[in-house]
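Q: One structure, pasted below without further comment.
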Amino acid sequence: MRRETCKETEKRERGKAVLTIILSAGLILGLAVYGLLLPDQEVSRWERRRLASAPELNGDTLLSGSFMSGMEMYLQDQFPFRDGLRSLKALVSCGLFRQKDSHGVYTAGGYAAKLDYPLDTDSVDYAAERFACVYGQYLEESGSEIYVSVIPDKNQFLAEKNGYPCLDFGALTERLTEQMPYASYIEIAPLLELEDYYRTDIHWRQEKITGVAAAMNRAMGFGDGPEEGWQERRLPAPFYGVYRGQSALPMPAESMVWLETEGMENWTVYDYETDSEIPVYDLEAAEGMDPYALFLSGSKSLLRIENPAAPEENRLILFRDSFGSSIAPLLAEHVRELILADIRYISPALLGELISFEGRDVLFLYSESVLNNSETLK
(Lines give C-alpha, C1' and ligand atoms only; values in the text may rest on other atoms or scores of the structure.)
Protein backbone atom coordinates (compact mmCIF):
# COMPACT_ATOMS: atom_id res chain seq x y z
CA MET A 1 0.00 0.00 0.00
CA ARG A 2 1.50 3.31 -1.12
CA ARG A 3 2.26 5.81 1.63
CA GLU A 4 1.20 9.43 1.18
CA THR A 5 4.14 11.68 0.34
CA CYS A 6 4.89 14.86 2.23
CA LYS A 7 3.89 16.97 -0.76
CA GLU A 8 0.55 15.17 -1.04
CA THR A 9 -0.10 15.64 2.68
CA GLU A 10 0.78 19.31 2.46
CA LYS A 11 -1.49 19.71 -0.57
CA ARG A 12 -4.40 18.01 1.21
CA GLU A 13 -4.02 20.15 4.35
CA ARG A 14 -3.78 23.27 2.21
CA GLY A 15 -6.98 22.25 0.47
CA LYS A 16 -8.75 21.83 3.80
CA ALA A 17 -7.57 25.25 4.93
CA VAL A 18 -8.73 26.89 1.70
CA LEU A 19 -12.10 25.14 1.95
CA THR A 20 -12.49 26.30 5.56
CA ILE A 21 -11.71 29.88 4.56
CA ILE A 22 -14.15 29.75 1.64
CA LEU A 23 -16.94 28.32 3.80
CA SER A 24 -16.31 30.82 6.61
CA ALA A 25 -16.20 33.73 4.21
CA GLY A 26 -19.34 32.45 2.49
CA LEU A 27 -21.15 32.18 5.80
CA ILE A 28 -20.13 35.69 6.86
CA LEU A 29 -20.98 37.13 3.46
CA GLY A 30 -24.30 35.28 3.40
CA LEU A 31 -25.24 36.58 6.84
CA ALA A 32 -24.18 40.08 5.85
CA VAL A 33 -26.31 40.00 2.70
CA TYR A 34 -29.22 38.49 4.62
CA GLY A 35 -28.86 41.19 7.26
CA LEU A 36 -28.94 43.92 4.61
CA LEU A 37 -32.10 42.47 3.12
CA LEU A 38 -33.88 42.30 6.48
CA PRO A 39 -35.63 45.44 7.74
CA ASP A 40 -33.93 47.03 10.75
CA GLN A 41 -35.45 46.22 14.11
CA GLU A 42 -36.31 49.27 16.24
CA VAL A 43 -36.37 47.58 19.63
CA SER A 44 -35.24 44.41 21.33
CA ARG A 45 -38.02 43.01 23.50
CA TRP A 46 -35.53 40.58 25.01
CA GLU A 47 -33.17 43.33 26.17
CA ARG A 48 -35.88 45.98 26.63
CA ARG A 49 -34.01 48.69 24.76
CA ARG A 50 -33.94 50.48 21.45
CA LEU A 51 -31.52 49.09 18.91
CA ALA A 52 -28.99 51.21 17.06
CA SER A 53 -29.95 52.54 13.63
CA ALA A 54 -27.63 53.13 10.68
CA PRO A 55 -25.42 56.21 11.28
CA GLU A 56 -25.50 59.14 8.91
CA LEU A 57 -22.57 59.21 6.49
CA ASN A 58 -21.09 62.66 5.86
CA GLY A 59 -17.82 64.50 6.21
CA ASP A 60 -18.37 65.47 9.82
CA THR A 61 -19.20 61.96 11.02
CA LEU A 62 -16.22 60.53 9.13
CA LEU A 63 -13.75 63.06 10.50
CA SER A 64 -15.03 62.77 14.07
CA GLY A 65 -15.01 58.98 13.98
CA SER A 66 -18.65 58.82 15.03
CA PHE A 67 -19.62 57.06 11.80
CA MET A 68 -17.34 54.08 12.42
CA SER A 69 -18.33 53.74 16.08
CA GLY A 70 -22.00 54.12 15.14
CA MET A 71 -21.66 51.55 12.37
CA GLU A 72 -20.06 49.09 14.79
CA MET A 73 -22.98 49.43 17.20
CA TYR A 74 -25.46 49.23 14.32
CA LEU A 75 -23.97 46.00 12.93
CA GLN A 76 -23.90 44.42 16.37
CA ASP A 77 -27.53 45.33 17.12
CA GLN A 78 -28.90 44.38 13.70
CA PHE A 79 -26.93 41.15 13.23
CA PRO A 80 -29.18 38.33 11.95
CA PHE A 81 -30.32 35.77 14.56
CA ARG A 82 -28.78 37.96 17.26
CA ASP A 83 -31.12 36.84 20.05
CA GLY A 84 -30.64 33.18 19.17
CA LEU A 85 -26.87 33.51 19.09
CA ARG A 86 -26.87 35.33 22.44
CA SER A 87 -28.96 32.54 23.92
CA LEU A 88 -26.68 29.85 22.46
CA LYS A 89 -23.61 31.56 23.90
CA ALA A 90 -25.23 31.80 27.34
CA LEU A 91 -26.26 28.15 27.26
CA VAL A 92 -22.77 27.01 26.26
CA SER A 93 -21.14 29.20 28.93
CA CYS A 94 -23.44 28.07 31.75
CA GLY A 95 -24.06 24.50 30.61
CA LEU A 96 -20.88 23.29 28.96
CA PHE A 97 -18.31 25.45 30.73
CA ARG A 98 -20.16 25.55 34.07
CA GLN A 99 -20.09 29.32 34.33
CA LYS A 100 -22.06 30.32 37.43
CA ASP A 101 -23.84 33.31 35.87
CA SER A 102 -24.56 34.98 32.56
CA HIS A 103 -23.99 38.74 32.46
CA GLY A 104 -24.32 38.79 36.25
CA VAL A 105 -27.63 36.88 36.26
CA TYR A 106 -27.84 33.41 37.79
CA THR A 107 -30.65 30.87 37.97
CA ALA A 108 -31.53 28.58 40.87
CA GLY A 109 -34.67 26.72 41.84
CA GLY A 110 -36.57 28.07 38.84
CA TYR A 111 -35.80 31.70 39.75
CA ALA A 112 -33.38 34.18 38.19
CA ALA A 113 -31.62 36.92 40.13
CA LYS A 114 -28.79 39.38 39.57
CA LEU A 115 -25.65 39.34 41.66
CA ASP A 116 -25.39 42.47 43.81
CA TYR A 117 -22.48 42.14 46.21
CA PRO A 118 -20.87 43.38 48.39
CA LEU A 119 -22.65 46.06 50.40
CA ASP A 120 -21.65 49.48 49.06
CA THR A 121 -21.65 51.64 52.18
CA ASP A 122 -20.83 54.78 50.18
CA SER A 123 -23.94 54.19 48.09
CA VAL A 124 -26.13 53.77 51.18
CA ASP A 125 -24.63 56.94 52.63
CA TYR A 126 -25.36 58.83 49.42
CA ALA A 127 -29.00 57.69 49.48
CA ALA A 128 -29.29 58.79 53.12
CA GLU A 129 -27.81 62.16 52.18
CA ARG A 130 -30.38 62.64 49.41
CA PHE A 131 -33.23 61.75 51.80
CA ALA A 132 -31.80 64.13 54.39
CA CYS A 133 -31.85 66.84 51.73
CA VAL A 134 -35.59 66.29 51.27
CA TYR A 135 -36.10 66.29 55.03
CA GLY A 136 -34.15 69.49 55.58
CA GLN A 137 -35.80 71.36 52.73
CA TYR A 138 -39.42 70.32 53.19
CA LEU A 139 -40.12 68.18 56.26
CA GLU A 140 -38.22 69.45 59.28
CA GLU A 141 -40.83 72.10 60.06
CA SER A 142 -43.84 70.45 58.38
CA GLY A 143 -45.09 68.41 61.34
CA SER A 144 -45.28 65.34 59.07
CA GLU A 145 -44.99 61.81 60.36
CA ILE A 146 -42.04 60.30 58.49
CA TYR A 147 -41.40 56.63 57.82
CA VAL A 148 -38.79 54.55 55.99
CA SER A 149 -38.91 50.97 54.75
CA VAL A 150 -36.51 48.86 52.70
CA ILE A 151 -37.59 46.17 50.22
CA PRO A 152 -35.25 43.15 50.29
CA ASP A 153 -33.96 41.88 46.98
CA LYS A 154 -34.83 38.40 45.80
CA ASN A 155 -31.20 37.46 46.50
CA GLN A 156 -31.98 37.47 50.23
CA PHE A 157 -34.12 34.35 49.76
CA LEU A 158 -32.15 32.68 46.97
CA ALA A 159 -28.43 33.43 46.90
CA GLU A 160 -26.65 31.93 49.88
CA LYS A 161 -28.48 28.62 49.95
CA ASN A 162 -27.49 28.12 46.32
CA GLY A 163 -23.84 29.07 46.76
CA TYR A 164 -23.96 32.70 45.60
CA PRO A 165 -22.79 35.75 47.56
CA CYS A 166 -25.41 38.03 49.09
CA LEU A 167 -24.98 41.40 50.74
CA ASP A 168 -25.84 41.88 54.40
CA PHE A 169 -29.40 43.23 54.37
CA GLY A 170 -29.37 43.87 58.11
CA ALA A 171 -26.21 45.97 57.82
CA LEU A 172 -27.72 47.94 54.95
CA THR A 173 -30.92 48.81 56.81
CA GLU A 174 -29.01 49.61 60.01
CA ARG A 175 -26.65 51.98 58.22
CA LEU A 176 -29.54 53.71 56.45
CA THR A 177 -31.81 54.09 59.49
CA GLU A 178 -28.98 55.35 61.70
CA GLN A 179 -28.72 58.31 59.33
CA MET A 180 -32.50 58.85 59.34
CA PRO A 181 -33.31 59.46 63.04
CA TYR A 182 -36.25 61.58 61.92
CA ALA A 183 -38.02 58.53 60.38
CA SER A 184 -39.75 55.51 61.94
CA TYR A 185 -38.64 52.23 60.39
CA ILE A 186 -41.32 49.87 59.03
CA GLU A 187 -39.87 46.37 58.80
CA ILE A 188 -41.34 44.27 56.00
CA ALA A 189 -38.64 41.67 55.23
CA PRO A 190 -40.17 39.00 57.56
CA LEU A 191 -43.44 39.31 55.62
CA LEU A 192 -41.81 38.36 52.31
CA GLU A 193 -40.57 35.12 50.78
CA LEU A 194 -39.11 34.03 47.45
CA GLU A 195 -42.51 33.18 45.95
CA ASP A 196 -43.58 36.82 46.34
CA TYR A 197 -41.27 37.81 43.47
CA TYR A 198 -41.46 37.15 39.75
CA ARG A 199 -39.29 34.27 38.62
CA THR A 200 -37.68 36.16 35.73
CA ASP A 201 -37.83 39.74 37.01
CA ILE A 202 -36.53 41.87 39.88
CA HIS A 203 -39.95 43.03 41.12
CA TRP A 204 -42.42 41.65 43.61
CA ARG A 205 -45.83 40.35 42.54
CA GLN A 206 -48.69 42.67 43.44
CA GLU A 207 -51.08 39.85 44.29
CA LYS A 208 -48.54 38.55 46.85
CA ILE A 209 -47.92 41.76 48.80
CA THR A 210 -51.35 42.61 50.22
CA GLY A 211 -50.01 41.65 53.67
CA VAL A 212 -47.07 44.02 53.24
CA ALA A 213 -49.40 46.85 52.24
CA ALA A 214 -51.65 46.12 55.22
CA ALA A 215 -48.67 46.25 57.59
CA MET A 216 -47.60 49.59 56.16
CA ASN A 217 -51.09 51.04 56.44
CA ARG A 218 -51.31 49.92 60.07
CA ALA A 219 -47.89 51.35 60.89
CA MET A 220 -48.87 54.72 59.43
CA GLY A 221 -52.30 54.72 61.08
CA PHE A 222 -54.26 54.46 57.84
CA GLY A 223 -56.26 51.31 58.64
CA ASP A 224 -55.89 47.58 58.26
CA GLY A 225 -56.35 47.27 54.48
CA PRO A 226 -56.21 46.22 51.79
CA GLU A 227 -59.68 45.05 52.68
CA GLU A 228 -61.39 41.96 51.31
CA GLY A 229 -62.86 42.04 47.84
CA TRP A 230 -59.83 42.63 45.65
CA GLN A 231 -60.20 40.78 42.34
CA GLU A 232 -57.35 39.32 40.34
CA ARG A 233 -56.96 40.24 36.69
CA ARG A 234 -54.39 38.63 34.41
CA LEU A 235 -52.54 39.88 31.35
CA PRO A 236 -53.36 37.62 28.39
CA ALA A 237 -49.80 37.73 27.01
CA PRO A 238 -47.00 35.72 28.65
CA PHE A 239 -44.65 37.75 30.83
CA TYR A 240 -40.88 37.55 30.55
CA GLY A 241 -38.94 39.60 33.09
CA VAL A 242 -35.84 41.72 32.69
CA TYR A 243 -33.48 38.92 33.75
CA ARG A 244 -34.42 36.80 30.76
CA GLY A 245 -33.16 39.45 28.38
CA GLN A 246 -30.10 40.41 30.40
CA SER A 247 -28.88 36.84 30.76
CA ALA A 248 -30.01 35.60 27.29
CA LEU A 249 -30.88 32.32 29.03
CA PRO A 250 -34.12 30.64 27.95
CA MET A 251 -36.66 30.86 30.77
CA PRO A 252 -40.30 29.79 30.85
CA ALA A 253 -42.97 32.47 30.66
CA GLU A 254 -44.98 33.45 33.72
CA SER A 255 -48.15 35.41 34.24
CA MET A 256 -48.62 39.00 35.36
CA VAL A 257 -51.55 39.61 37.70
CA TRP A 258 -53.00 42.86 38.98
CA LEU A 259 -55.64 43.59 41.62
CA GLU A 260 -58.77 45.71 41.38
CA THR A 261 -61.25 46.69 44.06
CA GLU A 262 -64.72 48.15 44.15
CA GLY A 263 -64.73 51.91 43.71
CA MET A 264 -61.36 52.02 41.97
CA GLU A 265 -63.10 53.39 38.88
CA ASN A 266 -63.64 56.59 40.88
CA TRP A 267 -59.94 57.07 41.57
CA THR A 268 -57.97 59.55 39.50
CA VAL A 269 -54.26 59.42 38.72
CA TYR A 270 -52.65 62.70 37.67
CA ASP A 271 -49.33 62.68 35.82
CA TYR A 272 -47.39 65.89 36.47
CA GLU A 273 -45.08 65.21 33.50
CA THR A 274 -47.84 65.25 30.90
CA ASP A 275 -50.41 67.33 32.83
CA SER A 276 -52.96 64.60 32.19
CA GLU A 277 -54.75 61.71 33.84
CA ILE A 278 -53.50 58.17 33.40
CA PRO A 279 -55.03 54.82 34.40
CA VAL A 280 -54.11 52.96 37.56
CA TYR A 281 -53.35 49.99 35.33
CA ASP A 282 -52.09 50.88 31.85
CA LEU A 283 -52.85 47.91 29.60
CA GLU A 284 -51.42 49.69 26.57
CA ALA A 285 -48.10 50.31 28.30
CA ALA A 286 -48.03 46.64 29.33
CA GLU A 287 -47.79 45.73 25.64
CA GLY A 288 -44.52 47.66 25.28
CA MET A 289 -40.94 46.73 26.05
CA ASP A 290 -41.55 46.52 29.81
CA PRO A 291 -44.82 44.84 30.80
CA TYR A 292 -44.29 45.99 34.40
CA ALA A 293 -45.30 49.43 33.09
CA LEU A 294 -48.82 48.07 33.57
CA PHE A 295 -48.59 49.57 37.06
CA LEU A 296 -49.10 53.35 36.87
CA SER A 297 -47.59 53.51 33.36
CA GLY A 298 -44.06 52.68 34.45
CA SER A 299 -41.27 55.19 35.05
CA LYS A 300 -42.91 58.45 36.14
CA SER A 301 -41.27 61.21 38.15
CA LEU A 302 -44.35 62.56 39.92
CA LEU A 303 -47.89 61.20 40.22
CA ARG A 304 -50.94 61.91 42.39
CA ILE A 305 -53.59 59.29 43.15
CA GLU A 306 -56.86 60.57 44.59
CA ASN A 307 -59.38 58.23 46.22
CA PRO A 308 -62.53 60.18 47.19
CA ALA A 309 -63.79 57.32 49.38
CA ALA A 310 -60.79 57.38 51.74
CA PRO A 311 -60.68 59.46 54.94
CA GLU A 312 -59.93 63.13 54.27
CA GLU A 313 -57.07 63.25 56.80
CA ASN A 314 -55.13 60.32 55.25
CA ARG A 315 -52.61 61.96 52.94
CA LEU A 316 -49.24 60.47 52.03
CA ILE A 317 -46.18 61.34 49.97
CA LEU A 318 -44.36 58.21 48.83
CA PHE A 319 -40.71 58.57 47.80
CA ARG A 320 -40.16 55.41 45.83
CA ASP A 321 -38.50 53.45 43.03
CA SER A 322 -40.22 51.10 40.58
CA PHE A 323 -41.37 48.71 43.34
CA GLY A 324 -43.66 51.49 44.55
CA SER A 325 -45.72 51.39 41.36
CA SER A 326 -47.34 48.06 42.23
CA ILE A 327 -47.87 48.61 45.97
CA ALA A 328 -49.27 52.14 45.56
CA PRO A 329 -52.80 51.03 44.57
CA LEU A 330 -52.93 48.82 47.68
CA LEU A 331 -51.93 51.75 49.90
CA ALA A 332 -54.32 54.11 48.10
CA GLU A 333 -57.39 52.20 49.29
CA HIS A 334 -57.09 54.03 52.62
CA VAL A 335 -55.45 57.27 51.44
CA ARG A 336 -57.39 60.27 50.11
CA GLU A 337 -54.33 61.67 48.33
CA LEU A 338 -51.22 59.62 47.56
CA ILE A 339 -48.35 61.44 45.86
CA LEU A 340 -45.58 59.32 44.34
CA ALA A 341 -42.21 61.03 43.85
CA ASP A 342 -39.32 59.26 42.11
CA ILE A 343 -36.19 61.35 42.65
CA ARG A 344 -34.29 59.30 40.11
CA TYR A 345 -36.18 61.34 37.52
CA ILE A 346 -36.91 64.64 39.26
CA SER A 347 -34.67 66.82 41.41
CA PRO A 348 -35.95 67.24 44.98
CA ALA A 349 -35.33 70.98 44.58
CA LEU A 350 -38.27 71.13 42.16
CA LEU A 351 -40.80 69.36 44.36
CA GLY A 352 -41.73 72.41 46.42
CA GLU A 353 -42.94 74.16 43.27
CA LEU A 354 -45.30 71.28 42.43
CA ILE A 355 -46.62 69.76 45.65
CA SER A 356 -47.32 70.73 49.26
CA PHE A 357 -45.82 68.82 52.18
CA GLU A 358 -48.04 70.36 54.84
CA GLY A 359 -50.49 67.96 56.44
CA ARG A 360 -49.04 64.96 54.64
CA ASP A 361 -47.18 61.98 56.03
CA VAL A 362 -44.10 60.76 54.19
CA LEU A 363 -42.81 57.26 53.44
CA PHE A 364 -39.38 56.58 51.94
CA LEU A 365 -39.81 53.14 50.35
CA TYR A 366 -36.80 51.87 48.41
CA SER A 367 -35.51 48.54 47.24
CA GLU A 368 -32.22 47.10 48.40
CA SER A 369 -30.88 47.19 44.83
CA VAL A 370 -31.46 50.95 44.43
CA LEU A 371 -29.95 51.77 47.83
CA ASN A 372 -26.86 49.71 46.99
CA ASN A 373 -26.60 51.45 43.61
CA SER A 374 -27.92 54.88 44.50
CA GLU A 375 -26.04 57.00 41.96
CA THR A 376 -29.33 57.34 40.08
CA LEU A 377 -30.86 59.45 42.88
CA LYS A 378 -30.80 63.17 42.15
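The values are calculated or read from the model by the stated rules, or taken from the named source; none is laboratory data. Quantities reported herein were computed from a predicted structural model and do not represent experimental measurements. Reconstructed Cβ throughout: ideal geometry from the backbone, glycine too, with neighbour counts over all protein chains shown. All accessible areas refer to the heavy atoms of the entire protein, side chains included, with ligands and DNA or RNA removed. Shrake-Rupley method; radii C 1.70, N 1.55, O 1.52, S 1.80 Å.
Q: For Ser276 and Ser356, what does the FRET efficiency come to when R0 = 22 Å and r is the distance between their Cβ atoms, rounded to the nearest 0.05?
A: Rounded to the nearest 0.05, the efficiency is 0.60.
Q: Sort 235-243, 159-167, 328-336 for me by packing, meaning the mean count of neighbouring Cβ atoms within 10 Å per residue, highest on top.
A: 328-336, 235-243, 159-167
Q: Residue by residue through segment 311-325, which ³J(HN,Hα) values in whole Hz follow from phi under the Karplus form 6.51 cos²θ - 1.76 cosθ + 1.60 (θ = phi - 60°), with glycine and proline marked x?
A: Each residue of segment 311-325 in turn: x, 4, 7, 7, 9, 9, 10, 10, 8, 8, 10, 5, 4, x, 4 Hz.
Q: Let me know the charge dipole size of segment 222-336 about its Cα centre in debye, to the nearest 20, where only the beta-carbon of Lys, Arg (+1) and Asp, Glu (-1) is charged.
A: Dipole size: approximately 460 debye.
Q: Right, something else. How long are the three semi-axes of the equivalent ellipsoid of segment 238-378, in whole Å, if each is the root of 5 times an eigenvalue of the C-alpha gyration tensor, listed from largest down?
A: Semi-axes (√(5λ), whole Å): 26, 20, 13.
Q: Okay, moving on. Over the Cα atoms of segment 277-317, each weighted equally, I'd like the Debye log10 I(q)/I(0) at q = 0.17 Å⁻¹, rounded to two decimals.
A: -0.54
Q: Just grab the label-to-label distance for Tyr182 and Ser142, each label 7 Å out from Cα along the Cβ direction, in nm (one decimal).
A: Between Tyr182 and Ser142, the simple spin-label model gives 0.9 nm.
Q: Out of the GluC sites (Glu not before Pro) in segment 265-305, which ones are loop residues according to DSSP with at most 12 other C-beta atoms within 10 Å?
A: Glu284
Q: Further, regarding this structure: Under a 1.4 Å probe, what is the accessible area of segment 301-378 per residue, stated in Å²?
A: 28
Q: Under Stokes-Einstein, with the Kirkwood radius over Cα pairs standing in for Rh, what whole-number D in µm²/s applies to segment 122-228 at 25 °C and 0.890 mPa s?
A: Reported coefficient: 157 µm²/s.
Q: Something else about it: Carbon and sulfur together cover what percent of the accessible area of segment 120-167 at a 1.4 Å probe radius? Please list the in-between numbers first.
A: On the way: 800 of 1970 Å².
Ligands and nucleic acids excluded, carbon and sulfur give 41 percent.
Q: Separate question: What does the convex hull of the Cα atoms come to per residue for segment 177-310, in Å³?
A: Looking at segment 177-310, the number lands at 164 Å³ per residue.
Q: Whenever you get a sec, compute what percent of the accessible area on segment 269-362 sits on carbon and sulfur atoms (1.4 Å probe).
A: It is 47 percent, rounded to a whole number.
Q: Let me ask another. Diagonalise the Cα gyration tensor of segment 318-361 and give the resulting equivalent ellipsoid semi-axes, square root of 5 times each eigenvalue, largest first, whole Å.
A: One finds semi-axes of 19, 15, 6 Å for segment 318-361.
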